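The structure appears right after this line, and notes come after that.
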Amino acid sequence: MLTVKSTLIAATLGMLILSKVAGAVSLEPAEGLNVQQPYYSPEKFIQQTSMPVVDIRGVSPADYAGTFEVQIGEQVRRGIKEAKYVYQLAGIDLAQFEMQSEKLLENSRKLNPEYFDVVEALATVGGITIEKMFTLSQLDAALASAANASLRGCTTVSFKGTGVVGQVNDTPSLSGGNYWILQDDDFIQVMASGFYGSGQTMGKELGVVINFQGSDSVGVGLDSPMGIELGALQNYIVRHANTVDEAVEILNKHRTVVASHFNFADRQGNTVGVEMLSGDNYVIRRDAGVGHANHSERLGVMQAFAETVGLPNKSNERTIATAYTEWRAQFAQLFIDNTPEGSIDAAKYVLNSKPIAQHAAYGSDFITTLTAVMDTKAGCMEVAPGVGEWNTFQRVCF
C-alpha cells in the first residue's frame, strides 16, 4: 500500500530524503497503536481477530448483493467511508480522479466481466455507483499521482517444488482491520478495506501474491491500454492460467497501474516473480524460489537509487529510511535458499520473523495488517489478520 503524510507536505515542498526513499511517514496511527515502541520488543496490536468467509459458490450474480449485505454489509460501508477519508486527507478530488480512471475501468471490465459482477454487487451494498466504487479501490494509484510518493509495503515468498507462496500485507494502520475472504468454485481471494481485492488470490492451479515497488520503478499508468485494476487482474490470472509460465504471458499484455511485483507458485511446484513495469517486465526465476520486497531486483537499481538520496552505504539510517526493503528481500531469499523444507509452516515462520513482520517503530504506523500463505498443491489458503503469530490462521480450501 501507499504511505503519505496526512498534511502531504511532500506534495508541495518536495519530499524529505527519508520520505523520498520509502515514504517513511504514513497516515495517523489507528487508535491504540504506539508508533514509538522498541523495534525488537513490540507491543501486541490486534485490529481484527477473524475474517468472514463469503462463499458465493452456487449463488447467482443477481443474488450477490443480498449475500454480501447479510455477511459483510457493514464492513463494505465502513471501508468506503475510510477510503473517502484518505482521499480527503490527500487532497485528491475524487470526481476528477474518477474521470482519470475511466480507461482503467473500461480495460478491467472488458478483461474480467465476471469479477465486475462482484464489484457491482459491492457498490450496491455500499450505496454508491460502480464508477465511484472502482475509483476508491484505486487508492494507491491516486496517492501516487497526487503526492509523487514512494510506494512501500509487503514482502512475498515462494518455494520451488512445493507449490507454496505467501506474503505479509503491510499498510498504514488505518487500512487494517477490515479484511474478508471471497470464495467461488474457481478462486479464493482476500478482500481489503471491506470492498476490493487485496492482492492474495488462489485458483485451482496456481496462487499469486503482491508487493508494490518503490519510486525506483515506474508502472504503465492510468491511461495505458495495458492497465488493469489489481483485484480484477489477479482474479483473471488464477482462473485462466494453469502454470506460472502462462501467468507470465498474461502479464506481458496486462499489468497493474503502479509498478508492482507478482510472486507465483503453481501446482507443479514452479515459481516465478514478475516485476510489472512501464517497459518490458522483469521476470525473476531462482533455483529455490523467489523472495521480494519493495525495490526492483534489476541489477544495480537499489544501489543507484540509494545514492541519489545521499545514502550510498549500508547503515542503520539507510535500513530505516528504506523501510527495511533491502534487509527484508535479502532475509527472505536467504531463508528460501537454505530452508530444508518449503512448507506452508516454513512460509508462516519466515513471514512472522523480523524484519519481514512489520511492527510500528521509529514513528511510523506502517505495519503488517495481514499474513497470507497458500498451498496450491493442497488447494488451501491460510490467512491471519495482522502479524500471524499474534492471531489465528484461518484455513479455506477448494
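The values are calculated or read from the model by the stated rules, or taken from the named source; none is laboratory data. All values reported here derive from a predicted model rather than from experimental measurement. A quick note on method: Cβ atoms are made from the backbone with ideal geometry, for glycine too, and the neighbour counts reach across all protein chains shown. Side chains are part of the model used for accessible areas, which takes the heavy atoms of the whole protein and leaves out ligands, DNA and RNA. Shrake-Rupley method; radii C 1.70, N 1.55, O 1.52, S 1.80 Å.
Figures for the structure shown
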| item | result |
| --- | --- |
| Enumeration of residues in segment 83-104 that are open to solvent by 40 Å² or more (accessible area, probe 1.4 Å) and closer than 20 Å to Ala121 by Cβ | Lys84, Glu98 |
| Long-range neighbours under 6 Å by Cβ, at least six apart or interchain, first residue in contact (Cβ under 8 Å) with a residue 24 or more places away in the chain within segment 321-340, second open to solvent by 20 Å² or more (accessible area, probe 1.4 Å) and outside any loop (DSSP other than H, G, I, E, B) | Ala321/Leu18; Trp327/Thr319 |
| Residue satisfying all of: in segment 366-391; over 22 Å from Gly269 (Cβ atoms) and surrounded by fewer than 24 Cβ atoms within 10 Å (Cβ to Cβ); nearest to the chain's Cα centre (by Cα) among these | Val387 |
| Given (1) open to solvent by 10 Å² or more (accessible area, probe 1.4 Å); (2) at pLDDT 95 or above; (3) not in a loop (DSSP other than H, G, I, E, B), number of the condition Thr319 does not satisfy | (2) |
| One residue from Lys44, Lys5 being modelled with pLDDT under 95, open to solvent by 50 Å² or more (accessible area, probe 1.4 Å) and under 25 Å from the mean Cα position of the chain (by Cα) | Lys44 |
| Segment 243-287 - residue that is free of Cβ contacts under 8 Å to residues at least 24 places away in the same chain and either in a loop (DSSP other than H, G, I, E, B) or in contact with a helix residue (DSSP H, G or I) (Cβ under 8 Å, 6 or more places away or on another chain) (or both) and, of those, least open to solvent (accessible area, probe 1.4 Å) | Ile250 |
| Condition check for Gly32: farther than 29 Å from Thr156 by Cβ and either modelled with pLDDT of 95 or more or surrounded by fewer than 18 Cβ atoms within 10 Å (Cβ to Cβ) (or both) | no |
| Selected residue (criterion: surrounded by the most Cβ atoms within 10 Å (Cβ to Cβ)) from residues of segment 167-198 that are over 11 Å from Leu370 (Cα atoms), of a type in the set (Gly, Ala, Ser) and under 12 Å from the mean Cα position of the chain (by Cα) | Ser193 |
| Odd one out for Gly161 among (1) open to solvent by 10 Å² or more (accessible area, probe 1.4 Å); (2) assigned to a strand (DSSP E or B); (3) of a type outside the set (S, T, N, Q) | (2) |
